[in-house]
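Report on the following structure.
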Amino acid sequence: MATESDGEEDTAGKLTGSQHLEVDDDLREMAKKAAWSVSSCKPGNGVLALRDDNLDTYWQSDGAQPHLVNIQFQKKVKLQLLVLYVDFKLDESYTPSKISIRAGDGFHNLKEIKTVEFKKPVGWVHIPLSGTDPRETFIHTFMLQLAVLSNHLNGRDTHVRQIKIYGPRTLFLINHFILFRRNSSPTQLLNRFNSDNILNRMKMVAIANMKKCMHLGKHSETTTFNCITHHILLRLVHNI
């Protein structure tokens, strides 16, 4: 998970921002894999400004609230951290004060996963994402939407200077799988981890173990569980 600098959150639980973008090595940036769109923009201040790595540029909305940023992936991905750069000192009433984060398969079934409030933020705001299961530190989704619900000083349109989105790397997923396995049934394991692409680095080991399981005469619960384990490790997403 991201390392947040001291002072990013005030005593009321509202985020104030950090001057440092600090992200752990077990996360990777996922933005290039997505299609980005916004609900509206002022000419010259469009969606590209959110991804140009330039803190002097910004997306400016041009319409009624809520103002939306849509991040869509071609396949389900695991997302763990959303990071925004906002600057109250420069943008004043254009600065978001409350946002909603939503996830789903598409526009038709987006569900809110959390709301976040800001207090005159200046800098990077780190927003961890999580699933409904307390053991999960990420969400598994086709789409993420950021909705600006209100701005400081009752401003109408909004400025956001940068957005970054991070997901877990493969080794992190394997460690998470091992922890999840300890307290889960075979059915839960298959439902949770069976939709990913083949992890090539583990292919030969996993196939060998699966063949060994298949040739065993006994079909005990332990044998079945071990076969499922190797099958899932075979199919963990290739993030390396």
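The single condition from (1) touching a Leu at 6+ places or on another chain (Cβ under 7 Å); (2) surrounded by 19 or more Cβ atoms within 10 Å (Cβ to Cβ); (3) of a type outside the set (A, V, I, L, M, F, W, C); (4) modelled with pLDDT under 95 that Glu9 fails is (2). Residues in region 48-83 that are at pLDDT 95 or above and of a type in the set (Val, Ile, Thr) were compared, and the one that is surrounded by the fewest Cβ atoms within 10 Å (Cβ to Cβ) is Thr57. Ser130 passes every criterion in (1) in a loop (DSSP other than H, G, I, E, B); (2) at pLDDT 95 or above; (3) within 14 Å of the chain's Cα centre (by Cα) apart from (2). Would you confirm whether or not region 88-110 contains a residue that is touching a Pro at 6+ places or on another chain (Cβ under 6 Å), more than 22 Å from Arg169 (Cα to Cα) and part of a strand (DSSP E or B)? Checked against the condition, which is being touching a Pro at 6+ places or on another chain (Cβ under 6 Å), more than 22 Å from Arg169 (Cα to Cα) and part of a strand (DSSP E or B), region 88-110 yields no hits at all.
Whenever a residue of region 104-118 is assigned by TED's automatic domain parsing to the domain that holds Lys75, its partners that are outside any strand (DSSP E or B) and loosely packed, with under 11 Cβ neighbours inside 10 Å, lying with C-beta atoms within less than 8 angstrom and at least six residues away or across chains, give the pairs Glu117/Gly13. If we scan region 146-158, do we find a residue that is surrounded by 20 or more Cβ atoms within 10 Å (Cβ to Cβ), touching a residue at least 12 places away in the same chain (Cβ under 8 Å) and either within 14 Å of the chain's Cα centre (by Cα) or outside the structural domain of Ser40 (by TED's automatic domain parsing) (or both)? Yes, that holds for at least one residue. Would you say Gln74 is assigned to a loop (DSSP other than H, G, I, E, B), among the polar types (S, T, N, Q) and either over 23 Å from Arg28 (Cα atoms) or touching a residue at least 24 places away in the same chain (Cβ under 8 Å) (or both)? Criteria not met by Gln74. Scanning region 24-45 for residues that are at pLDDT 95 or above, buried (at least 17 other Cβ atoms within 10 Å of the Cβ) and either out of contact with any helix residue (DSSP H, G or I) (no Cβ under 6 Å at 6 or more places or on another chain) or not assigned by TED's automatic domain parsing to the domain that holds Tyr94 (or both) yields Ala34, Ser39, Cys41, Asn45.
The values are calculated or read from the model by the stated rules, or taken from the named source; none is laboratory data. This structure is a prediction, so every number in the text was calculated from the model and none was measured. Backbone-built Cβ (ideal geometry, glycine too); neighbour counts: all protein chains shown.
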